[in-house]
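Inspection log for the structure reproduced underneath, given as C-alpha cells.
The numbers here are math on the coordinates, done by the rules we state, and not lab data. The structure displayed is predicted, hence computed values, not measured ones. As a convention, Cβ positions derive from the backbone with ideal geometry for all residues, glycine included, and neighbour counts pool all protein chains shown.
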Amino acid sequence: MMIKTLPAVVLGLIVSNTAFAKEWNFDVYLDKTRIGQHTFKLSAANELVSQAKFNVKVLFINAYQYNHTAVEQWQDGCLKQLEASTLENDVSTKVKGAADSDRFVVDDGKQQQVLPGCAMTFAYWSQKMLQQTKLLNPQNAEWLDTKIVKTGSEMLDVKGKKVEALRYKLDASLAGKPKLNIELWYRADNLDWVALKSITPEGYVINYKLR
C-alpha cells in the first residue's frame, strides 16, 4: 500500500491553557486499520485547536506519516486568525492568515492570497460551514470551490449507541480539479458533528469515529 496524500480534513493543535467548551475526540481509520487520532477543541472564546497524528505501516515499515497543527480564532462565524503547520512524511509546510478590514490575508510562505473578509476553513463543528461555496484548506492555503448537499438521514453507531444522524456530502475542487470527497454526519436532535468519511486520491477510505 502506498499513500501519496491524505485529504486535508484536519486542523491542528498548539497546546494552551484555554478552557474548552466542546471537544470532539476521534479515532481515525484507513479502511479498517486504525492509523491515529484527531482531537478538536473549541473554547468559549471561539478558539479552535486540534491535534492530528497519523502513521500508516506496511509490513512494520512506516509508509506514511502525517502531523498537522494549527490554531484558529473565530468571531461571529468568521475566521479571524489562522496559524498552521504540517509535516507530511519529510515535507513541511506552514500557513498563516489574519483578517484585515474587510478581507482575510493568507500566506503559505510562497504566495499571499487575499480572500473575502468572512472566510471559513473546513469548520465541521459549525453548521454555518454547510452553507458555504468556498472554503480555505488550512494545510496548503488552497481556496477551494465547494458543494455541500444533504443526502438523507440514517441510524449511526456513535460511542456504542444508535443515534439518528443527518448525512451531508462535501465535494471540493480547485480550478475544476477534484480535491476532496467527504461525507459528514450530524446528530438529528442537536446537530452535533459525530462522524466523517473521506476517500483518498488513491481510493482508500478514511473514517473518523468518536471515542
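Apart from one condition, A165 fits all of (1) surrounded by fewer than 19 Cβ atoms within 10 Å (Cβ to Cβ); (2) farther than 25 Å from E47 by Cα; (3) out of contact with any helix residue (DSSP H, G or I) (no Cβ under 9 Å at 6 or more places or on another chain); the exception is (1).
Can you go through K128, K179, K110, K147 and tell me which one is part of a loop (DSSP other than H, G, I, E, B), basic (K, R) and under 29 Å from Q81 (Cβ atoms)? Quick ask: steps written out before the conclusion?
Working: K128 fails: part of a loop (DSSP other than H, G, I, E, B); K179 fails: part of a loop (DSSP other than H, G, I, E, B); K147 fails: part of a loop (DSSP other than H, G, I, E, B).
Selected residue: K110, the only one of K128, K179, K110, K147 that is part of a loop (DSSP other than H, G, I, E, B), basic (K, R) and under 29 Å from Q81 (Cβ atoms).
Take A123 and decide whether it is in contact with a helix residue (DSSP H, G or I) (Cβ under 8 Å, 6 or more places away or on another chain), within 24 Å of W185 (Cα to Cα) and not in a strand (DSSP E or B). Step through it out loud before you land on a result.
Working: in contact with a helix residue (DSSP H, G or I) (Cβ under 8 Å, 6 or more places away or on another chain): yes; within 24 Å of W185 (Cα to Cα): yes; not in a strand (DSSP E or B): yes.
So A123 passes the test.
Answer yes if at least one residue in the range 192-204 is assigned to a strand (DSSP E or B) and over 14 Å from the mean Cα position of the chain (by Cα), and no otherwise. Steps first, answer last, please.
Step one: filter the range 192-204 for residues assigned to a strand (DSSP E or B), giving 193-199.
With over 14 Å from the mean Cα position of the chain (by Cα) added as a condition, the list becomes none.
So far as the range 192-204 goes, no, none of its residues is assigned to a strand (DSSP E or B) and over 14 Å from the mean Cα position of the chain (by Cα).
Hey, does the range 53-73 have a residue that's closer than 30 Å to L191 by Cα and hydroxyl-bearing (S, T, Y)? Taking every residue of the range 53-73 in turn, at least one turns out to be closer than 30 Å to L191 by Cα and hydroxyl-bearing (S, T, Y).
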